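Read the structure below first, then the notes.
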Amino acid sequence: MTLFTMLLVIVAERLFKLGEHWHLDHRLEVLFRRIKHFSLLRTLLMTAGVMLITFLLLRSLHGLFFNVPLLVVWILLGVLCIGAGKVRMHYHAYLKAASRDDAHARSAMASELTMIHGVPPDCDERDFLRELQNALLWINFRFYLAPLFWFVVGGPWGPVLLMGYAFLRAWQTWLARYLTPHERLQSGIDAILHVLDWIPVRFVGVVYALIGHGEKALPAWFASLGDRHTAQYQVLTRLAQFSLAREPHTDKIETPKAAVSMAKKTSFVVVVVVALLTIYGTLV
(Lines give C-alpha, C1' and ligand atoms only; values in the text may rest on other atoms or scores of the structure.)
Protein backbone atom coordinates (compact mmCIF):
# COMPACT_ATOMS: atom_id res chain seq x y z
CA MET A 1 0.00 0.00 0.00
CA THR A 2 2.96 2.31 0.56
CA LEU A 3 4.00 2.38 -3.12
CA PHE A 4 0.42 2.82 -4.36
CA THR A 5 -0.23 5.64 -1.91
CA MET A 6 3.09 7.33 -2.70
CA LEU A 7 2.37 7.40 -6.44
CA LEU A 8 -1.16 8.74 -5.91
CA VAL A 9 0.11 11.45 -3.58
CA ILE A 10 2.81 12.57 -6.04
CA VAL A 11 0.29 12.78 -8.90
CA ALA A 12 -2.21 14.69 -6.76
CA GLU A 13 0.48 17.08 -5.54
CA ARG A 14 1.67 17.91 -9.03
CA LEU A 15 -1.83 18.41 -10.45
CA PHE A 16 -3.83 20.06 -7.67
CA LYS A 17 -1.68 21.27 -4.78
CA LEU A 18 -0.79 24.79 -5.85
CA GLY A 19 -1.55 26.81 -2.73
CA GLU A 20 -1.83 26.46 1.04
CA HIS A 21 -5.24 24.80 1.36
CA TRP A 22 -3.89 21.23 1.34
CA HIS A 23 -0.68 21.98 3.20
CA LEU A 24 0.00 20.89 6.78
CA ASP A 25 2.23 23.91 7.47
CA HIS A 26 -0.70 26.23 6.83
CA ARG A 27 -3.12 24.16 8.93
CA LEU A 28 -0.79 24.20 11.94
CA GLU A 29 -0.46 27.98 12.07
CA VAL A 30 -3.46 28.22 14.40
CA LEU A 31 -1.62 26.03 16.91
CA PHE A 32 1.75 27.72 16.51
CA ARG A 33 0.33 31.20 17.13
CA ARG A 34 -0.72 30.14 20.64
CA ILE A 35 2.76 29.02 21.70
CA LYS A 36 4.58 31.63 23.79
CA HIS A 37 7.33 29.58 25.45
CA PHE A 38 9.96 27.58 23.59
CA SER A 39 12.09 24.63 24.63
CA LEU A 40 13.44 21.36 23.28
CA LEU A 41 11.11 19.42 25.59
CA ARG A 42 8.05 21.30 24.33
CA THR A 43 9.03 20.61 20.73
CA LEU A 44 9.48 16.89 21.45
CA LEU A 45 6.19 16.66 23.36
CA MET A 46 4.23 18.40 20.59
CA THR A 47 5.74 16.10 17.98
CA ALA A 48 5.03 13.01 20.08
CA GLY A 49 1.43 14.19 20.51
CA VAL A 50 0.93 14.57 16.76
CA MET A 51 2.42 11.14 16.10
CA LEU A 52 0.29 9.54 18.84
CA ILE A 53 -2.92 11.01 17.42
CA THR A 54 -1.96 9.74 13.95
CA PHE A 55 -1.15 6.29 15.35
CA LEU A 56 -4.48 6.05 17.15
CA LEU A 57 -6.37 7.16 14.03
CA LEU A 58 -4.67 4.53 11.87
CA ARG A 59 -5.17 1.89 14.54
CA SER A 60 -8.89 2.64 14.80
CA LEU A 61 -9.35 2.28 11.02
CA HIS A 62 -7.27 -0.88 10.61
CA GLY A 63 -9.37 -3.70 9.16
CA LEU A 64 -12.48 -1.53 8.84
CA PHE A 65 -14.45 -1.91 5.55
CA PHE A 66 -11.62 -3.79 3.84
CA ASN A 67 -9.19 -1.00 4.84
CA VAL A 68 -10.72 1.45 2.35
CA PRO A 69 -11.05 4.24 4.98
CA LEU A 70 -7.46 3.52 6.03
CA LEU A 71 -6.25 3.96 2.45
CA VAL A 72 -8.14 7.26 2.16
CA VAL A 73 -6.49 8.54 5.35
CA TRP A 74 -3.06 7.48 4.08
CA ILE A 75 -3.62 9.46 0.90
CA LEU A 76 -4.95 12.54 2.73
CA LEU A 77 -2.03 12.58 5.15
CA GLY A 78 0.41 12.17 2.26
CA VAL A 79 -1.14 15.08 0.37
CA LEU A 80 -0.98 17.26 3.49
CA CYS A 81 2.66 16.44 4.28
CA ILE A 82 4.35 15.96 0.89
CA GLY A 83 4.75 18.92 -1.43
CA ALA A 84 5.94 22.49 -1.29
CA GLY A 85 2.54 24.16 -1.57
CA LYS A 86 2.94 27.95 -1.65
CA VAL A 87 6.72 27.69 -2.06
CA ARG A 88 6.15 26.53 -5.65
CA MET A 89 4.18 29.72 -6.24
CA HIS A 90 7.08 31.76 -4.86
CA TYR A 91 9.44 30.04 -7.30
CA HIS A 92 7.23 30.80 -10.30
CA ALA A 93 6.78 34.37 -9.07
CA TYR A 94 10.57 34.70 -8.89
CA LEU A 95 10.91 33.56 -12.51
CA LYS A 96 8.27 36.05 -13.65
CA ALA A 97 9.93 38.89 -11.76
CA ALA A 98 13.36 37.96 -13.19
CA SER A 99 12.00 37.82 -16.73
CA ARG A 100 10.51 41.34 -16.27
CA ASP A 101 13.71 42.65 -14.63
CA ASP A 102 11.66 43.60 -11.57
CA ALA A 103 14.48 43.76 -9.03
CA HIS A 104 12.22 44.44 -6.02
CA ALA A 105 9.83 41.53 -6.67
CA ARG A 106 12.72 39.26 -7.55
CA SER A 107 14.49 40.08 -4.28
CA ALA A 108 11.28 39.54 -2.29
CA MET A 109 10.67 36.10 -3.80
CA ALA A 110 14.33 35.11 -3.41
CA SER A 111 14.09 36.04 0.27
CA GLU A 112 11.09 33.73 0.64
CA LEU A 113 12.92 30.86 -1.03
CA THR A 114 16.10 31.31 1.03
CA MET A 115 14.31 32.04 4.32
CA ILE A 116 15.56 29.04 6.33
CA HIS A 117 19.32 29.34 5.74
CA GLY A 118 19.56 32.83 4.28
CA VAL A 119 22.16 34.30 1.94
CA PRO A 120 25.62 35.54 3.02
CA PRO A 121 25.74 39.36 3.15
CA ASP A 122 27.62 41.30 0.48
CA CYS A 123 27.85 38.34 -1.92
CA ASP A 124 28.12 38.97 -5.66
CA GLU A 125 25.52 37.90 -8.23
CA ARG A 126 27.19 34.57 -8.96
CA ASP A 127 27.33 33.59 -5.29
CA PHE A 128 23.76 34.79 -4.79
CA LEU A 129 22.50 32.59 -7.62
CA ARG A 130 24.42 29.61 -6.28
CA GLU A 131 22.83 30.11 -2.86
CA LEU A 132 19.43 30.35 -4.55
CA GLN A 133 20.17 27.04 -6.25
CA ASN A 134 21.08 25.52 -2.91
CA ALA A 135 17.86 26.80 -1.34
CA LEU A 136 15.77 25.25 -4.12
CA LEU A 137 17.60 21.93 -3.77
CA TRP A 138 16.98 21.99 -0.02
CA ILE A 139 13.29 22.81 -0.52
CA ASN A 140 13.00 19.77 -2.77
CA PHE A 141 14.65 17.66 -0.07
CA ARG A 142 12.65 19.08 2.84
CA PHE A 143 9.22 18.97 1.20
CA TYR A 144 9.52 15.92 -1.07
CA LEU A 145 12.45 13.56 -0.60
CA ALA A 146 12.80 13.50 3.19
CA PRO A 147 9.04 13.06 3.81
CA LEU A 148 8.96 10.27 1.22
CA PHE A 149 11.92 8.63 2.95
CA TRP A 150 10.20 8.51 6.33
CA PHE A 151 6.90 7.49 4.75
CA VAL A 152 8.53 4.48 3.10
CA VAL A 153 10.80 3.55 6.02
CA GLY A 154 7.82 3.52 8.38
CA GLY A 155 6.16 0.66 6.51
CA PRO A 156 2.66 0.04 7.92
CA TRP A 157 3.08 3.05 10.22
CA GLY A 158 4.70 5.29 7.60
CA PRO A 159 2.06 8.04 8.02
CA VAL A 160 3.01 8.29 11.72
CA LEU A 161 6.65 9.07 10.90
CA LEU A 162 5.56 11.28 8.02
CA MET A 163 3.32 13.39 10.26
CA GLY A 164 6.05 13.70 12.87
CA TYR A 165 8.60 14.90 10.32
CA ALA A 166 6.15 17.26 8.60
CA PHE A 167 5.21 18.76 11.98
CA LEU A 168 8.86 19.50 12.76
CA ARG A 169 9.36 21.01 9.31
CA ALA A 170 6.33 23.24 9.77
CA TRP A 171 7.51 24.32 13.23
CA GLN A 172 10.96 25.24 11.89
CA THR A 173 9.43 27.24 9.03
CA TRP A 174 7.10 29.10 11.42
CA LEU A 175 9.95 29.97 13.76
CA ALA A 176 12.16 31.17 10.89
CA ARG A 177 9.39 33.34 9.44
CA TYR A 178 7.82 34.95 12.51
CA LEU A 179 10.10 34.64 15.53
CA THR A 180 13.65 35.49 16.55
CA PRO A 181 16.78 33.35 16.10
CA HIS A 182 17.01 33.07 19.89
CA GLU A 183 13.52 31.61 20.19
CA ARG A 184 14.28 29.23 17.33
CA LEU A 185 17.43 28.12 19.17
CA GLN A 186 15.48 27.61 22.39
CA SER A 187 13.01 25.34 20.60
CA GLY A 188 15.80 22.91 19.65
CA ILE A 189 14.19 22.38 16.26
CA ASP A 190 17.40 22.67 14.23
CA ALA A 191 19.18 20.12 16.43
CA ILE A 192 16.32 17.62 16.11
CA LEU A 193 16.13 17.94 12.34
CA HIS A 194 19.92 17.71 12.07
CA VAL A 195 19.69 14.21 13.56
CA LEU A 196 16.60 13.16 11.59
CA ASP A 197 18.02 14.39 8.28
CA TRP A 198 21.35 12.56 8.62
CA ILE A 199 20.33 9.32 6.86
CA PRO A 200 17.97 10.86 4.25
CA VAL A 201 20.65 13.40 3.27
CA ARG A 202 23.20 10.62 2.66
CA PHE A 203 20.64 8.62 0.69
CA VAL A 204 19.73 11.56 -1.55
CA GLY A 205 23.36 12.70 -1.66
CA VAL A 206 24.54 9.45 -3.23
CA VAL A 207 21.95 9.96 -5.99
CA TYR A 208 23.39 13.41 -6.68
CA ALA A 209 26.87 11.90 -6.67
CA LEU A 210 25.95 9.19 -9.18
CA ILE A 211 24.06 11.39 -11.64
CA GLY A 212 26.70 14.14 -11.47
CA HIS A 213 30.48 14.14 -11.55
CA GLY A 214 31.16 10.95 -9.63
CA GLU A 215 34.93 11.39 -9.60
CA LYS A 216 34.50 14.41 -7.31
CA ALA A 217 31.17 13.73 -5.65
CA LEU A 218 31.67 10.13 -4.53
CA PRO A 219 34.77 10.86 -2.40
CA ALA A 220 32.88 13.76 -0.82
CA TRP A 221 29.93 11.47 -0.15
CA PHE A 222 32.13 8.82 1.52
CA ALA A 223 33.71 11.55 3.64
CA SER A 224 30.23 12.69 4.74
CA LEU A 225 29.48 9.25 6.22
CA GLY A 226 31.73 10.00 9.19
CA ASP A 227 30.74 13.66 9.50
CA ARG A 228 28.34 14.23 12.38
CA HIS A 229 28.83 17.98 12.79
CA THR A 230 28.51 19.68 9.38
CA ALA A 231 25.01 21.00 8.76
CA GLN A 232 22.96 18.63 6.60
CA TYR A 233 22.14 21.57 4.34
CA GLN A 234 25.84 22.01 3.59
CA VAL A 235 26.39 18.29 3.00
CA LEU A 236 23.51 17.96 0.56
CA THR A 237 24.09 21.15 -1.40
CA ARG A 238 27.83 20.53 -1.68
CA LEU A 239 27.16 17.15 -3.30
CA ALA A 240 24.47 18.62 -5.53
CA GLN A 241 26.78 21.41 -6.72
CA PHE A 242 29.13 18.79 -8.18
CA SER A 243 26.24 17.80 -10.45
CA LEU A 244 25.57 21.45 -11.32
CA ALA A 245 29.22 22.40 -11.96
CA ARG A 246 28.72 22.62 -15.72
CA GLU A 247 25.48 24.57 -15.46
CA PRO A 248 25.42 28.39 -15.74
CA HIS A 249 25.77 30.37 -12.52
CA THR A 250 25.33 33.81 -14.04
CA ASP A 251 21.85 33.78 -15.57
CA LYS A 252 19.14 34.81 -13.10
CA ILE A 253 16.54 32.59 -14.82
CA GLU A 254 18.48 29.59 -16.08
CA THR A 255 20.47 29.14 -12.84
CA PRO A 256 17.46 28.36 -10.61
CA LYS A 257 15.87 26.36 -13.42
CA ALA A 258 18.97 24.14 -13.55
CA ALA A 259 18.63 23.39 -9.83
CA VAL A 260 14.92 22.58 -10.13
CA SER A 261 15.61 20.33 -13.11
CA MET A 262 18.29 18.49 -11.15
CA ALA A 263 15.96 18.17 -8.16
CA LYS A 264 13.19 16.71 -10.33
CA LYS A 265 15.62 14.22 -11.86
CA THR A 266 16.78 13.15 -8.40
CA SER A 267 13.20 12.80 -7.18
CA PHE A 268 12.39 10.59 -10.16
CA VAL A 269 15.39 8.36 -9.46
CA VAL A 270 14.44 8.05 -5.78
CA VAL A 271 10.84 7.12 -6.64
CA VAL A 272 12.04 4.50 -9.14
CA VAL A 273 14.43 3.01 -6.57
CA VAL A 274 11.66 2.86 -3.96
CA ALA A 275 9.31 1.23 -6.49
CA LEU A 276 11.87 -1.40 -7.47
CA LEU A 277 12.70 -2.20 -3.85
CA THR A 278 9.01 -2.47 -3.01
CA ILE A 279 8.31 -4.79 -5.94
CA TYR A 280 11.34 -6.90 -5.13
CA GLY A 281 10.26 -7.21 -1.51
CA THR A 282 6.76 -8.24 -2.61
CA LEU A 283 8.12 -10.89 -4.96
CA VAL A 284 10.40 -12.29 -2.27
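The values are calculated or read from the model by the stated rules, or taken from the named source; none is laboratory data. Small disclaimer: the values here were computed from a predicted structure and weren't measured. Counting neighbours? That spans all protein chains shown, and the Cβs are built from the backbone with ideal geometry, glycine included. Just so you know, the surface numbers come from the protein's heavy atoms only, side chains and all, with ligands and any DNA or RNA stripped out. Shrake-Rupley method; radii C 1.70, N 1.55, O 1.52, S 1.80 Å.
Output yes when any residue across the stretch 106-128 is open to solvent by 40 Å² or more (accessible area, probe 1.4 Å), within 28 Å of Thr43 (Cα to Cα), outside any loop (DSSP other than H, G, I, E, B) and among the β-branched types (Val, Ile, Thr), and no when none is.
no
Considering every residue within the stretch 84-93, establish whether at least one is of a type in the set (Val, Ile, Thr), within 22 Å of Asn134 (Cα to Cα) and outside any helix (DSSP H, G or I). Explain how you work it out, then say what you get.
So in the stretch 84-93, the residues of a type in the set (Val, Ile, Thr) come out as 87.
Of the ones still in play, those that are also within 22 Å of Asn134 (Cα to Cα) are 87.
When the remaining residues are screened for being outside any helix (DSSP H, G or I), the result is none.
No; the residues of the stretch 84-93 include none that is of a type in the set (Val, Ile, Thr), within 22 Å of Asn134 (Cα to Cα) and outside any helix (DSSP H, G or I).
Would you call Gly158 open to solvent by less than 30 Å² (accessible area, probe 1.4 Å), under 13 Å from Thr43 (Cα atoms) and not polar (S, T, N, Q)?
Values: open to solvent by less than 30 Å² (accessible area, probe 1.4 Å): yes; under 13 Å from Thr43 (Cα atoms): no; not polar (S, T, N, Q): yes.
Here the answer is no, as Gly158 does not meet what is asked.
Given the conditions (1) within 23 Å of Val273 (Cβ to Cβ); (2) of a type in the set (Val, Ile, Thr); (3) over 20 Å from the mean Cα position of the chain (by Cα), and given that Val204 satisfies all but one, which numbered condition is not satisfied?
Here Val204 clears every test but (3).
Collect the residues in the stretch 63-79 that are loosely packed, with under 13 Cβ neighbours inside 10 Å and either in contact with a Pro (Cβ under 9 Å, 6 or more places away or on another chain) or assigned to a loop (DSSP other than H, G, I, E, B) (or both), keeping them in residue-number order.
Gly63
Being under 23 Å from Gly118 (Cα atoms) and either modelled with pLDDT of 90 or more or not β-branched (Val, Ile, Thr) (or both) is the requirement here; does Glu183 meet it?
Working: under 23 Å from Gly118 (Cα atoms): yes; either modelled with pLDDT of 90 or more or not β-branched (Val, Ile, Thr) (or both): yes.
Yes, satisfied.
Pick out, from the stretch 1-62, the helices (runs of 4 or more DSSP H) lying fully within it that include 2 or more residues that are modelled with pLDDT of 90 or more and farther than 14 Å from Leu175 by Cβ. Give the derivation first.
Values: elements: 2-16, 24-27, 29-32, 40-61.
Of the helices (runs of 4 or more DSSP H) lying wholly inside the stretch 1-62, those with at least 2 residues that are modelled with pLDDT of 90 or more and farther than 14 Å from Leu175 by Cβ span 40-61.
Can you work out which of the residues in the stretch 186-212 that are open to solvent by 30 Å² or more (accessible area, probe 1.4 Å) and not aliphatic (A, V, I, L, M) is modelled with the lowest pLDDT? Break it down into steps so the answer makes sense when it comes.
Quick first cut of the stretch 186-212, residues open to solvent by 30 Å² or more (accessible area, probe 1.4 Å) only: 186, 190-191, 194-196, 198-199, 203, 206, 210-211.
Checking which are not aliphatic (A, V, I, L, M) leaves us with 186, 190, 194, 198, 203.
Working: Gln186: 95, Asp190: 94, His194: 95, Trp198: 95, Phe203: 91.
The residue in question is Phe203.
Hey, among the residues in the stretch 179-209 that are without any contact (Cβ under 8 Å) to a residue 12 or more places away in the chain and in a helix (DSSP H, G or I), which one's nearest to Val79 (Cα to Cα)?
Val195
Take the conditions open to solvent by 20 Å² or more (accessible area, probe 1.4 Å), in a helix (DSSP H, G or I) and closer than 26 Å to His194 by Cα and apply them to Phe149. Does it pass? Break it down stepwise before answering.
Values: open to solvent by 20 Å² or more (accessible area, probe 1.4 Å): yes; in a helix (DSSP H, G or I): yes; closer than 26 Å to His194 by Cα: yes.
So Phe149 fits the description; yes.
If Ala97 passes every condition in (1) open to solvent by 50 Å² or more (accessible area, probe 1.4 Å); (2) among the hydrophobic types (A, V, I, L, M, F, W, C); (3) without any contact (Cβ under 8 Å) to a residue 24 or more places away in the chain but one, which one does it miss?
Among (1) open to solvent by 50 Å² or more (accessible area, probe 1.4 Å); (2) among the hydrophobic types (A, V, I, L, M, F, W, C); (3) without any contact (Cβ under 8 Å) to a residue 24 or more places away in the chain, the lone unmet condition for Ala97 is (1).
Can you confirm whether the stretch 173-184 contains a residue that is out of contact with any helix residue (DSSP H, G or I) (no Cβ under 7 Å at 6 or more places or on another chain), of a type in the set (S, T, N, Q) and open to solvent by 20 Å² or more (accessible area, probe 1.4 Å)? Reasoning before the result, please.
Here is the first cut: in the stretch 173-184, the ones out of contact with any helix residue (DSSP H, G or I) (no Cβ under 7 Å at 6 or more places or on another chain) are 177-182.
After this cut, where a residue has to be of a type in the set (S, T, N, Q) as well, the list is 180.
Still in the running and open to solvent by 20 Å² or more (accessible area, probe 1.4 Å): 180.
Yes.
Evaluate the stretch 253-265: report whether one residue or more is closer than 30 Å to Thr47 by Cα, out of contact with any Asp or Glu (no Cβ under 9 Å at 6 or more places or on another chain), basic (Lys, Arg) and assigned to a helix (DSSP H, G or I).
Yes, because at least one residue in the stretch 253-265 is closer than 30 Å to Thr47 by Cα, out of contact with any Asp or Glu (no Cβ under 9 Å at 6 or more places or on another chain), basic (Lys, Arg) and assigned to a helix (DSSP H, G or I).
Considering only the stretch 162-205, how many residues are hydroxyl-bearing (Ser, Thr, Tyr) and touching a Gly at 6+ places or on another chain (Cβ under 9 Å)? Before you say what the answer is, go through the steps one by one.
The first filter runs over the stretch 162-205 and keeps only residues hydroxyl-bearing (Ser, Thr, Tyr), leaving 165, 173, 178, 180, 187.
Okay, now just the ones that are also touching a Gly at 6+ places or on another chain (Cβ under 9 Å), so none.
The total comes to 0.
Please state which one of Ala245, Ala263 is under 25 Å from Ala98 (Cα atoms) and open to solvent by less than 10 Å² (accessible area, probe 1.4 Å). Steps first, please.
On the way: Ala245 fails: open to solvent by less than 10 Å² (accessible area, probe 1.4 Å).
Among Ala245, Ala263, only Ala263 is under 25 Å from Ala98 (Cα atoms) and open to solvent by less than 10 Å² (accessible area, probe 1.4 Å).
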